[in-house]
Amino acid sequence: MLTFSNVGKVSLAIIASVLTWAPATFANELPDPEDRLRELGLTLPAPYVPFANYVAARRVGNLIFLGGHSECEEPYITGKIDSERTVAEGYTAARLTALCLLASLKAEIGDLKKVVKIVKVYGMVNATEEFTEHSKVINGCSDLLVEVFGERGRHARAAVGMASLPLGFAVEIEMIVEVAD
């Protein structure tokens with residue numbers, strides 16, 4: 001006969017078994033980010049090499065802080081969005097910058113499957129003073145991260161305009177990523 005106390009014990013046993021089973025099972029069900037990149041027809045460039053006195057990535061606990069990146073490979077998309085470049089060209093620059101960020105991330109952690117989630121993206125757009133569509137430009141990065149990581153790629157974000165960026169880049173992006181041990 002089932003009593004309340006028996007139901008409670010059975011429920012606790014089921015919950016305990018699910019909790020011990022779930023992390024391993026769900027981890028195996030997560031898409032491999034590098035498979036997703038191949039499916040999208042994308043390859044990671046060589047990792048970013050800083051051109052000043054800083055590092056491309058710094059790990060603090062389970063967080064990876066990626067310094068300001070632009071594209072990793074020439075020809076770079078340079079110039080001001082709104083006067084010299086279109087929003088679509090800025091979107092492409094942000095997408096290429098996301099690939100560069102992922103290349104630096106992989107160099108730092110060894111395997112993109114270790115990504116637990118993309119925490120934050122800080123996107124800077126080299127734009128005219130009148131420009132107001134910064135979000136549409138940085139969507140190039142955000143869209144790629146979600147395409148590659150699914151829900152793990154959704155993140156908090158800022159998209160801001162700048163009077164200029166190093167070397168005239170159209171876009172510069174920083175990123176914070178949580179990774180597994």
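Length gained on full extension, ALA107 to VAL119: 2.5 nm, using 0.36 nm per residue less the C-alpha separation.
For GLU84, GLU129, GLU39, the sequence from fewest to most other C-beta atoms within 10 Å is GLU129, GLU39, GLU84.
Peptides 41-52, 59-70 ranked from most to least packed by the mean count of surrounding Cβ atoms within 10 Å: 59-70, 41-52. Under 5 Å from the amide H of VAL119 lie the amide H atoms of ILE176, VAL177, GLU178, each residue being 5 or more positions distant or on a separate chain, with H modelled from the backbone and absent for Pro and chain starts. For LYS120, the aspartates and glutamates whose Cα comes closer than 18 Å to its Cα, not counting residues fewer than 8 places off in the same chain, are GLU108, ASP143, GLU147, GLU151, GLU172, GLU174, GLU178. Annotation for GLU151 and ASN62: the two label points, set 7 Å from Cα along the Cα-Cβ direction, are 1.7 nm apart. A cut-off of 5 Å between modelled amide H atoms, ignoring neighbours fewer than 5 places along the same chain, links HIS69 with ILE173, GLU174. On the basis of the beta-carbon distance and an R0 of 22 Å, ASN53 and GLU129 show a calculated FRET efficiency of 0.10.
Which parts of the range 135-179 would a label at ASP35 reach, counting a residue when its backbone N lies under 14 Å from a point 7 Å out along Cα-to-Cβ? From the range 135-179, the list is 148-150.
Quick note: the coordinates plus some simple rules give every number you see, no bench work behind them. In this text, all values refer to a predicted model and were calculated from it rather than measured experimentally. Note that we place each Cβ from the backbone using ideal geometry, even for glycine, and neighbour counts take in every protein chain shown.
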